[in-house]
DNA sequence: TTGTAAGCGTTATCAG
DNA sequence: CTGATAACGCTTACAA
């Protein structure tokens, strides 16, 4: 594995001149620069990350730490983050589980974006207090160098519910995500708040887990009931899709026999029939704005407003 | 940000003693070790990754480089890799695009797992030749330190086709993935080979892109034809699901009016109706075996057999 | 314009 | 058992 020393030797210059030349320092003669660069090319030289990071006290890496790989929402956010970071010559490092904490602790990254309810507040605050900027998505956490980025879950659900109530629907049920999940809690809060404003009470609440299969199970349990709700508000699109699947499989129709609403606007919801009525979040855009904010912070700028995504009500066929 | 120097000072020992103590070197008195560890804890000290990586010439990071974030297949593989790496105290770093190449070139990782047709052979061979172990999934590339891990796409498709032909089906079409994709090519090859063995010719080939939407479009174009195939073999499950969706939406039934077969066995295929007939790959297991092989290689062991996943024919309702 | 040398935070060799 | 000290590969004052 060649080092800058090898390059310098081959180009017949000192190590420092080689470094200057490679970093395009204007004080080095074009001729020597060329000689050095040629040497680097023939040796297939590339600077050693650890050495440079150590010296420069920065890595140009941004870590994105998620609870689990996969899922349409994550992938859009990640893609947005990736694009923006790449445009600004930062590397994206996605990780999960114990690796996340290691990378954070060992400072192999210049900043962290957290989408993981399993990393404790204490750890996050600990490393943020050391000066590492930490963005936290869809979770509230205050402190220096901590930047929460929140969807207006509650407000968006209320708006959607108002529209549905306006359409004349009255008997609502809620298909819940994991009880512990912050975004689920806020969506449920909005659901209840909207009902209360119209002096309505929820027909029932079904416990779920944000997955298609979970939604499917909820659908099966509804089928067993004698007294169906009119509308099921699902905590996310995946559950809504599973629920519709179960209902249709037994010969019932959506929205004729049951109305279903989701949250997120994932691509699959565009393809199924009926098209899913949902609250659309532009996840890729969200990712981009977070990445841009992160780059600003790392560059020493102050953040005026914390980036938060807009949502849009998408009334389609399923409700 | 505290360094080992600060710890040493607080514990009233030299830097080297501090290092020994923190790394549990047996030559240091239990009493001093405790003093050092306490100091580290009160300072919230953690070794700086770059410094350690530079000194040790290893990072305990394994890079997984993928073409794009997302998709049910990737997420299962990644989860498998993550688990195994974590059990062996390695970090998983997932990246995509330019970041992948940077992390590779700067040697911020001890080994790379590639699932990305966009990183050129030359780059891969270049860094492998420097001694970095590189695993390549579902793509052929020979060379030192290069370890291809291949699904038996062709053989599995042939087996599946034999079963279908045995069932009496004769008029087959192929819904293709991206032309450039290696796995698509091999699956198509198997498809054609099986037909040839039975002196059959394909009814048609539909160009696709591995997405649900792509499969849906293919479905629409089939609906426009007067002369339908009997069975459509789809290059992956997502296309099969989109195709079924399109067919059903217009009032036709699967498998009554058209039989559909996929490849991969993604969870969504279990939930739709009819359940998808497909070739099941255990992606999580594949990920685990690759990670285990990687750890062995990094640890200096020789690899006897390159890890390759088994497949299983899953005859269900859609064909 | 180029070279010498210090230093980033670790680990590990070698004396004491 | 503990402490100086060199070294990892790189960047960057400062000197020449």
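Each listed q (0.14, 0.16, 0.24 Å⁻¹) maps to a log10 I(q)/I(0) for region B:215-319 from the Debye sum over equal C-alpha point scatterers, namely -0.59, -0.68, -1.18. Bridge orientation summary for chain A: considering DSSP beta bridges with both residues in this region, about 10 percent are antiparallel. Among B:22, B:195, B:141, which one shows the highest mean-square fluctuation when chain B is modelled as a Gaussian network with alpha-carbon springs under 10 Å? Looking only at B:22, B:195, B:141, the largest GNM fluctuation is found for B:22. Computed over every Cα-Cα pair of region A:138-191 and binned at 10 Å starting from 0, the pair-distance distribution P(r) comes out as 23, 42, 25, 8, 2 percent. If you run the Gaussian network model on chain A, springs between alpha carbon atoms under 10 Å, then out of A:80, A:49, A:97 the most flexible one is A:49.
Between copies, the label points at residue B:3 (set 7 angstrom from Cα along Cα-to-Cβ) are spaced 1.9 nm, reported in nanometres from shortest to longest. Distances in nm, one decimal, shortest first, from residue A:189 to the same residue in every other copy, taking the label point 7 angstrom along Cα→Cβ. Ordered by increasing distance: 5.7 nm.
Using the 10 angstrom Cβ neighbour count as an exposure proxy, how do B:211, A:201, B:3 rank, fewest first? Please report the intermediate quantities before stating the final value.
Details: B:211 19, A:201 9, B:3 15.
So the ranking, lowest neighbour count to highest, is A:201, B:3, B:211.
In terms of other Cβ atoms within 10 Å, A:149, B:59 run from fewest to most in the order A:149, B:59. Separation of region A:258-319 from region B:104-168 is 35 Å, based on Cα centroids.
Counts of other chain beta carbons within 10 angstrom of each beta carbon in peptide B:79-87 average 3. Using only alpha-carbon positions in chain A, the gyration tensor eigenvalues give semi-axes of 52, 19, 16 Å once each is multiplied by 5 and square-rooted (largest first).
Under the classification rounded if a/c is under 1.5, otherwise prolate if a/b is larger than b/c and oblate if not, where does the protein assembly as shown fall, given a ≥ b ≥ c as square roots of the Cα gyration tensor eigenvalues? It is oblate, given that a/c is not under 1.5 and a/b is not larger than b/c.
Taking a ≥ b ≥ c as the square roots of the eigenvalues of the Cα gyration tensor, region A:163-259 is oblate, since a/c reaches 1.5 or more and a/b is not larger than b/c. For chain B, the longest principal axis of the C-alpha atoms and the axis of helix B:237-249 are separated by about 40°.
Projecting 7 Å from Cα along the Cα-to-Cβ direction, the label point of residue A:224 sits 4.6 nm from its equivalents in the other copies, listed shortest first. With respect to chain A, whose longest principal axis is taken over its alpha-carbon atoms, helix A:153-166 is tilted by about 30°.
Counting only alpha carbon atoms, the long axis of helix B:212-224 and the longest principal axis of chain B meet at about 10°. Our note on the geometry: Cα centres of region A:1-68 and region B:200-216, 48 Å apart.
So what's the back-of-envelope 222 nm ellipticity for chain B, counting only DSSP H runs of four-plus at -39500 (n - 2.57) apiece and dividing by all residues, rounded to 500? Kindly include the intermediate steps, with their values, before the conclusion.
Numbers: 13 runs with 147 residues, N = 319.
Rounded to the nearest 500, the figure is -14000 deg cm²/dmol.
Remark: A:253, B:139 ranked as A:253, B:139, counting other beta-carbon atoms within 10 Å and listing the fewest first.
Computed from the coordinates by the stated procedures, all read-outs in this text should not be read as laboratory data. What you see is a predicted model, and the numbers here were worked out from it, not measured in a lab. Please note: Cβ atoms are built from the backbone with ideal geometry, for glycine as well, and neighbour counts cover all protein chains shown.
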